[in-house]
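Here the structure comes first, spelled out in structure tokens, and everything after it is commentary.
The values are calculated or read from the model by the stated rules, or taken from the named source; none is laboratory data. Keep in mind that this is a model prediction, so the values were computed, not measured. Using ideal geometry, Cβ is built from the backbone for each residue, glycine included, and neighbour counts are taken over all protein chains shown.
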Amino acid sequence: MENSASWEIQQADSSIKNENTEIPVETRTSSGNENQNEQLVIDIETMLKTSEIPVSDECHIYRVPDHLRKWNGEAYTPQVISIGPYHHNKENFQKMDKNKVRYFKSFMQRAKNEINLENLVTTIREMEDIIRHCYVDTVQLQRDDFVKMIMLDATFILELFLKSKLRKWTRDDPMRVEAWLFDMVTRELLLLENQLPFFVIKKIYNLALPSLSNSLSLIQLTFDFFKHFNIHNKAPKGEIKHFTDLLRFFALPPHDKLPKRDKKTVFPKYSATQLREAGVKFEVVPNKCLLDLSFKEGVLKIPLLDFNDDTEVHIRNIMALEQCYHANDSYITDFYLILDYLIDTTKDVDLLAEKGIIFNCLGDSSAVAFMINNLNKGVFWKNMNSDLCCLCEELNVFYEKPSHKWKALLRHQYFSTPWRAASTIAAIILLVFTLIQTVCSIIQIVPIV
């Protein structure tokens, strides 16, 4: 018994010793976890600080979301010139990058009595953080590269505007030698991903050319350059964020005349040709303000719509801007959503072209119909122009009025084509003659009293 007890005591003592020897191993493991956790905590804190970088209230410049880009990526992507950081340093822009340096040299020569290179660089560097925060996506460029990019892009735009305004081009200027290049650059200055904040260009213009800017403001110079898009002759005033915002500004009435927004959304249930069959008449509104859509006394008035090679690019970029920044004021999106319901087939396009509403430079009615029917893919909306809500309700009620509905049915079923109309009329005449003959036969059979 004693031997047994002694053996148990030894075993217990041995077990305790083993436990004591394992404790440092656990301690080391715990310490290792703490070290790993410490590094992880630092990484997470860094991530949180990075995510708190504010976006400037001055301007918001976005990348086009993938759910919009996938339907027509080329409409949002520059081909000949990069402005800003999103497409900077791509190989296909090397030729134009050399032209930017050339324009920079010309601009500095123009401003030689007002500003030197050091002052210009200092001015941009002082604005660097504000400018970076205007871009919603993080800009990866190093500080010096970023400042240089802003300087070359801003001075290129200013020099281009001034050359265009003053009609002073050198003979070997690529923008004049290659006739297509000027038009391409003009178009790509309006792309959403190809923007500089307007206040940056304005700051450099006022600083470098103070005497000129006193007599010709940058907003006037900008309006003059893009005058082709100044579709209802607004006075050159109002705050704009960048050139895509300016393009949207051109398409809308003054801010104080914008309609209220309604949480409900109503769209036409019937296409243009169906509405015509019900008795709706179509008229063109001479100007291009898209909010001049109206329906009164059976007449639907639609603003002039010019469809050319640039139309889809401009519309898509404005709609992308509204999706990203003007979600509660998407007036342009409202219009093209309604137009999508009015135009289902080439017959609808032909009808509106016949009425002078659509000016088709694409040549093919199917191209216009395809464009309109694809503009709204991937688009979301929260509310709607209250005036257009009422217009759509009135259109639907007009069509569904029994007399108008029967009129539409008769026209669609029996008078939709000249041959069908001729057949219908012939059938009616035949029916009338048959009826007369039947009446005459009955009169002959029945004896006269």
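What number goes with the only condition from (1) within 26 Å of L181 (Cβ to Cβ); (2) over 28 Å from the mean Cα position of the chain (by Cα); (3) modelled with pLDDT of 95 or more that T122 does not pass?
Here T122 meets the rest and fails (1).
Can you confirm whether I315 is under 21 Å from the mean Cα position of the chain (by Cα), at pLDDT 95 or above, in a helix (DSSP H, G or I) and closer than 27 Å to V185 by Cα?
yes
The rows are residues; the columns are (1) closer than 25 Å to Q195 by Cα; (2) buried (at least 22 other Cβ atoms within 10 Å of the Cβ).
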position	(1), (2)
K296	no, no
K301	no, no
F307	yes, no
E312	yes, no
I318	yes, yes
Q323	yes, no
D329	yes, no
D334	yes, yes
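Against the definition (surrounded by 19 or more Cβ atoms within 10 Å (Cβ to Cβ) and in contact (Cβ under 8 Å) with a residue 12 or more places away in the chain), how does M184 come out, yes or no?
Here the answer is no, as M184 does not meet what is asked.
So for the range 399-406 (the condition being at pLDDT 65 or above, within 30 Å of T333 (Cα to Cα), surrounded by 15 or more Cβ atoms within 10 Å (Cβ to Cβ) and not charged (D, E, K, R)), does at least one residue qualify?
yes
Could you go through the range 259-272 and let me know if any residue there is part of a helix (DSSP H, G or I) and within 23 Å of W381 (Cβ to Cβ).
yes
Does the range 91-128 hold any residues that are assigned to a loop (DSSP other than H, G, I, E, B), charged (D, E, K, R) and touching a residue at least 12 places away in the same chain (Cβ under 8 Å), and which are they?
E114
Collect the residues in the range 343-389 that are surrounded by 14 or more Cβ atoms within 10 Å (Cβ to Cβ) and of a type in the set (S, T, Y), keeping them in residue-number order.
Once the filter is applied, which keeps residues that are surrounded by 14 or more Cβ atoms within 10 Å (Cβ to Cβ) and of a type in the set (S, T, Y), the range 343-389 yields T345, T346, S365, S386.
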